Structure formats: C-alpha cells, structure tokens
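Can you keep this structure in mind? I'll have questions shortly.
The values are calculated or read from the model by the stated rules, or taken from the named source; none is laboratory data. Source: prediction; values computed, not measured. Neighbour counts run over all protein chains shown; Cβ positions are idealised from the backbone, glycine included.
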C-alpha cells in the first residue's frame, strides 16, 4: 500500500495522546473516554499496519485493556465497586464488556430522583448507545488485525447487553426505540429520547459483527445477533437520515462505506439503503456548507465535529474505488456512481478542515483545549483514516 505522507504527524499526535491520557507511560488513574479511545485503538492499529512497528500494536491492545479495566468498572467516587456487570474479579476479566461500558465523563451519573438538568447532563457519566457501537467497531478492528477471536466475542457480548438495556417498546405506539443515555448499571434511562442515527449505527455494526463472527460452534447460539439485527432493521424502516451536523454527515458517509463493504460479502438487498445514506449525506452537506461555519474563527468551532466530516469524505474516496472494483455487487450502480461523483466534488472541504486545524494558532483556542483528546485522535483518524474505515 502507498505510504501515507501524514504518518509522521499521526505518529506524533498518537504518541502525545498516549502520554497525556495515561496510557504510556501508565498513569493511575488514566484518563479514559469511550468515544475517543475507540478512534484511538483504530489509529494505533493503522500506525502498526503502515509502519510495522509493534509498539503501536501493543498500544492498541493496552488501550483496550485499560478501557475495560477503567470504564467496565464502577467509578472511584461511587459507593459501588467492581465490574459494572456484577461479575466477580476473574469472571469479569474474561467478560469485561458483559455489563456495558461507562462513557468516562468527569461527573458521576445523575442519581435516582435527582431533577434533570440538560446542561449538567452533558458532563455526567452513564452509558451512551452511540459510543458503545463505536467500541464494538474498535474491538472488531482489533479482532481482524490480530486474528484473535476473543475481541470479536467481547464486541458481541457488548452488543447483546447494550441492546437489551437500551431498546424499549413505547407504550404510546407499540414501536421499539433506543434510549439515548442509560445509567451506569443500565437499570434506568437518563435521557430517554433517541439519537437520530442510533438505529442505523446499531444495525450496521451488529451486521458486521454477525458477518465476521468466528467463535466456537457452542458459543454461536448465545452470541447470535439475528434477532437484534431484525429489530434494528425494523426501527430503520422509513426513517430519514438527513442532518446538517458535520459529525453526523461524516458518520453517514462512513456508514455508507460499511454497507458497501458488507454488500460485497453477500449482504444482499441493501442497495437502496446505501443510496439513501449517500443522498442524505449530500443533502445535509450542501445545507451545512450554506451556514459558512468553516469560514468563522477557530474559537467558535468544534474541531472534532469537523473532523467527523473530513473522515466521512475520505470514506467517499474509498467507496468510489470499491464500486469500481466490485461493480457487479451493486444493482443501483448508475445512481450510486452519480451520487458519489457529486460527493467527490466536496473533497476540498475535507482538505480545508485538515489544513485549518494543522495551523498551530487555531489549536490554541479554548474550544480546542477543552476537547483536546477527542480533537487529537479524530485529527489523526482524518489524516490516516484506513484503520477506522477498515480499508486494507
């Protein structure tokens, strides 16, 4: 594969991230945050793949272990202790995702009976569905990179627990929905509304886990995700995915690449879903750019949300190449090619985002510093996206 010219910068960013977050050298307690760490794992795997330096493979595996040991357990300021799954020490280490994983917020979760405060809730701990699907993705990336099935098993154990904890049937219309945020022990919703793309993220992530499962035969029935996938497919039916949020747009574009990757592995019947994702992304992107957000000063902007878009635009490049190589796998190839070409016109937007945030002066503002870790790892992903996008 062609060497990524941004690799030295990505190496420096991720080395700094490892040091600042307490990963290497190890600091107790480390600063672990589930979304950030999911991207971090993929970045370390990509550095290993591109450079062959085993230190990055070791960092990826150490990060997985540290996330499980930190976010799979109750907080130090909680009256509870041990694994949030309730398992004993030894069993908990064998099944570290069996209770889900905490977000990693600075404040403890809102207690039962405590009034809801929307602003404070952003800073409180709990479990987020869309963070958990990102961690499932990261674990499967590790399983693929190492050929060690235990990571895939942990991802599916997480999917089973999370689905059971987050999905509920509404008493109003009898339909299933997904709570946006749950308590640490998954016993009660903290934010009952559903994220716009949560059913889609779950559907695609579970489908990949199902397609790549490699456990022993006796474990397959316990970790089979067919029922969960069907429930999510039903939730996705008839929904609109359009958003003006750059992070959401980028997520849709990454979802599109994931769908296409699954389609060439006999995941048939998803041509319309792929087209819907690309058309929704195009509509949202055109609307977002009309806001001129990318023209305002750095202190009014959130870098990680913009990097989400630039990562998604990299996904479009990979999708275009995939369709060129595997055109027979796509029934709606003419419409898909047309939509992809429209999206390709916006590649300079991704380059603009990357260039803007590489300027050191733009990284001195409070909005960068307040979200330093997540900004760093997503910048690294944007500069070397194939580990996260799972492109060989």
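Within region 145-187, can you find the residues that are within 18 Å of residue 126 (Cβ to Cβ), part of a helix (DSSP H, G or I) and without any contact (Cβ under 8 Å) to a residue 24 or more places away in the chain?
Scanning region 145-187 gives a single hit, 164.
Of all residues being outside any helix (DSSP H, G or I) and within 19 Å of the chain's Cα centre (by Cα) in region 22-46, which is surrounded by the most Cβ atoms within 10 Å (Cβ to Cβ)? Just the residue, please. So that I can check it myself, show each step before the final result.
Going through region 22-46, the residues outside any helix (DSSP H, G or I) turn out to be 22-33.
Within this subset, residues satisfying the condition of being within 19 Å of the chain's Cα centre (by Cα) are 31-33.
Details: 31: 15, 32: 23, 33: 21.
The residue in question is 32.
Which of (1) farther than 22 Å from residue 362 by Cα; (2) over 24 Å from the mean Cα position of the chain (by Cα) is the odd one out, the single condition residue 297 does not satisfy?
(1)
Look at region 152-209 and say how many of its residues are farther than 21 Å from residue 68 by Cα and touching a helix residue (DSSP H, G or I) at 6+ places or on another chain (Cβ under 8 Å). Spell out how you get there, then give the answer.
First, the residues of region 152-209 that are farther than 21 Å from residue 68 by Cα: 167-180, 188-201, 203-204, 207-208.
Within this subset, residues satisfying the condition of being touching a helix residue (DSSP H, G or I) at 6+ places or on another chain (Cβ under 8 Å) are 167, 175-180, 190-191, 195-201, 203-204, 207-208.
Matching residues across region 152-209 total 20.
Residue 204 is checked against (1) crowded, with 17+ Cβ neighbours inside 10 Å; (2) without any contact (Cβ under 8 Å) to a residue 40 or more places away in the chain and fails just one. What number does that condition carry?
(2)
Suppose we filter region 289-306 for residues that are surrounded by fewer than 21 Cβ atoms within 10 Å (Cβ to Cβ) and part of a helix (DSSP H, G or I); how many remain?
The qualifying residues number 8.
Only one of 343, 323, 319, 309 is touching a helix residue (DSSP H, G or I) at 6+ places or on another chain (Cβ under 7 Å), surrounded by fewer than 22 Cβ atoms within 10 Å (Cβ to Cβ) and either assigned to a helix (DSSP H, G or I) or in contact (Cβ under 8 Å) with a residue 12 or more places away in the chain (or both). Can you tell me which? Can you show your working first?
Working: 343 fails: surrounded by fewer than 22 Cβ atoms within 10 Å (Cβ to Cβ); 319 fails: surrounded by fewer than 22 Cβ atoms within 10 Å (Cβ to Cβ); 309 fails: surrounded by fewer than 22 Cβ atoms within 10 Å (Cβ to Cβ).
Among 343, 323, 319, 309, only 323 is touching a helix residue (DSSP H, G or I) at 6+ places or on another chain (Cβ under 7 Å), surrounded by fewer than 22 Cβ atoms within 10 Å (Cβ to Cβ) and either assigned to a helix (DSSP H, G or I) or in contact (Cβ under 8 Å) with a residue 12 or more places away in the chain (or both).
Let me ask something additional. Since residue 86 meets every condition but one in (1) loosely packed, with under 13 Cβ neighbours inside 10 Å; (2) under 30 Å from residue 5 (Cα atoms), which condition does it not meet?
(2)
Among the helices (runs of 4 or more DSSP H) contained in region 193-251, which hold 1 or more residues that are modelled with pLDDT of 95 or more and out of contact with any strand residue (DSSP E or B) (no Cβ under 8 Å at 6 or more places or on another chain)?
Values: elements: 198-211, 220-223, 226-236.
Those helices (runs of 4 or more DSSP H) span 198-211, 226-236.
With the condition kept exactly as written, say whether any residue in region 293-303 is in contact with a helix residue (DSSP H, G or I) (Cβ under 8 Å, 6 or more places away or on another chain) and closer than 28 Å to residue 202 by Cα. Walk me through it before giving the result.
Of region 293-303, the ones in contact with a helix residue (DSSP H, G or I) (Cβ under 8 Å, 6 or more places away or on another chain) are 293-294, 298-303.
Now restrict to residues that are closer than 28 Å to residue 202 by Cα: 302-303.
Yes; the residues of region 293-303 include at least one that is in contact with a helix residue (DSSP H, G or I) (Cβ under 8 Å, 6 or more places away or on another chain) and closer than 28 Å to residue 202 by Cα.
Filter region 256-288 for residues that are without any contact (Cβ under 8 Å) to a residue 12 or more places away in the chain and either in a helix (DSSP H, G or I) or crowded, with 22+ Cβ neighbours inside 10 Å (or both) and give the result. Step through it out loud before you land on a result.
Residues of region 256-288 that are without any contact (Cβ under 8 Å) to a residue 12 or more places away in the chain, as a first pass: 266, 268-270, 286.
Passing the criteria: only 286.
Every residue, every condition in (1) assigned to a loop (DSSP other than H, G, I, E, B); (2) free of Cβ contacts under 8 Å to residues at least 60 places away in the same chain, yes or no:
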position: 76; (1), (2): yes, yes
position: 81; (1), (2): yes, yes
position: 93; (1), (2): no, yes
position: 96; (1), (2): yes, yes
position: 103; (1), (2): yes, no
position: 109; (1), (2): yes, no
position: 112; (1), (2): yes, no
position: 115; (1), (2): yes, yes
position: 119; (1), (2): no, yes
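If you don't mind, another one. Scan (1) without any contact (Cβ under 8 Å) to a residue 40 or more places away in the chain; (2) assigned to a helix (DSSP H, G or I); (3) buried (at least 17 other Cβ atoms within 10 Å of the Cβ) for the single condition residue 57 breaks and write down its number.
(1)
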